[in-house]
Each structure stands twice: as structure tokens, then as C-alpha cells.
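The values are calculated or read from the model by the stated rules, or taken from the named source; none is laboratory data. Computed from a prediction, not measured in an experiment: that's the story for all the values here. Neighbour counts run over all protein chains shown; Cβ positions are idealised from the backbone, glycine included.
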Amino acid sequence: MAKVFRPSTRESSILSKIESSKERLRRKALYDLKDFGETVANAIASKLVESGLVETTNKNALEEQILKTLDQLSHAHDFDIDFQTAPIRNLVPQPHVVSLYVTAFVIEKLINHQSVVDIFGSDEEIYYCIHKQVARYLTT
């Protein structure tokens, strides 16, 4: 018979603390979107255009779309967030929820917006460009 592995109480409590701290940081980042949403949207839109990852005819429309996405994210349920980010969940080892959600939006939906000419770069480049801006304003 195979031996049944049962983690000790100490191991269980450590794992529980790690998971709860990750969840707490996730909740705080989503909560902070209400205060910094406009600033983050402006920074992301500007950096995507400046770095040449997104070519657009109207930067303000791009910023509005990102702001709308951040607003949706701040009110979304966990299932909706997981569903939106599922295709690129394994893009980076420890993704930030806001960066991953906005990256998924840019890759999958923003390409179809009327003011967007084209999107360049790899998924990782887009993620890191977005994440640098998110990390400046939100808890990472």
C-alpha cells in the first residue's frame, strides 16, 4: 500500500499564510484601481504608443478603452477575471492581476477597435510594458 502524505500543521499554516497574503495583495490592487484608475490608464496608453507597441489614430480613445477596462476589472468577479486572463495565464511566472487583465484586453479585444491601426510586439513585451506602469501606482 502507498503511504498517505499528510502535511504537518506547520506546513499547512505556512502555505495558508502565503496564499492569504497573495489574495490580500490581489484584493488591494483591485481596490486601488478606484483611486488610480485614470492615472494608470493614461500611463499605460502613453507608454504603449511611445514604445511603438500600439499604433493608433487617437490616443485619447485608446486611453478611454483602457480606463473602461480597468473600471470593469474593479467591479468584476473572480470568475470573470479568470475567464478573461485564461489564454495568457502562463505568460509570466507570477503575473500581476491588473497587468494580466489589461494585457489580455489589448491582445484580444483592442485590436478590433476603430482607432487602433495595429498592435506590434510579443505578448510578453506588451505585458512588461503594461506591468511597468501598473507597478508604479498599484501594489505588486
Subject >> Hey, ALA86 of a type in the set (A, V, I, L, M, F, W, C), surrounded by 15 or more Cβ atoms within 10 Å (Cβ to Cβ) and out of contact with any Leu (no Cβ under 8 Å at 6 or more places or on another chain) or not >> reply: no
Original post:
Within segment 12-27, can one find any residue that is touching a residue at least 40 places away in the same chain (Cβ under 8 Å) and of a type in the set (A, V, I, L, M, F, W, C)?
Top reply: yes
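Please note which helices (runs of 4 or more DSSP H) are completely contained in segment 42-117 and include at least 1 residues that are without any contact (Cβ under 8 Å) to a residue 60 or more places away in the chain and in contact with a Ser or Thr (Cβ under 6 Å, 6 or more places away or on another chain).
Output list reads 59-75, 97-108.
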**OP:** Identify all residues within segment 105-140 that are surrounded by 15 or more Cβ atoms within 10 Å (Cβ to Cβ) and of a type in the set (D, E, K, R); write none if there are none.
**Re:** ASP123
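Here is a yes/no grid of residues against (1) of a type in the set (Lys, Arg); (2) loosely packed, with under 14 Cβ neighbours inside 10 Å; (3) modelled with pLDDT of 90 or more:
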{"residue": "SER20", "(1), (2), (3)": "no, yes, no"}
{"residue": "ASP32", "(1), (2), (3)": "no, no, no"}
{"residue": "LEU48", "(1), (2), (3)": "no, no, yes"}
{"residue": "HIS77", "(1), (2), (3)": "no, yes, no"}
{"residue": "GLN94", "(1), (2), (3)": "no, yes, no"}
Original post:
In segment 84-91, is there at least one residue being basic (Lys, Arg) and under 18 Å from LYS59 (Cβ atoms)?
Top reply: no
**OP:** Could you check how many residues of segment 85-125 are of a type in the set (D, E, K, R) and under 13 Å from the mean Cα position of the chain (by Cα)?
**Re:** 3
Subject >> Test: residue in segment 6-17 that is of a type in the set (D, E, K, R), farther than 15 Å from TYR127 by Cα, modelled with pLDDT under 85 and not in a helix (DSSP H, G or I) >> reply: yes
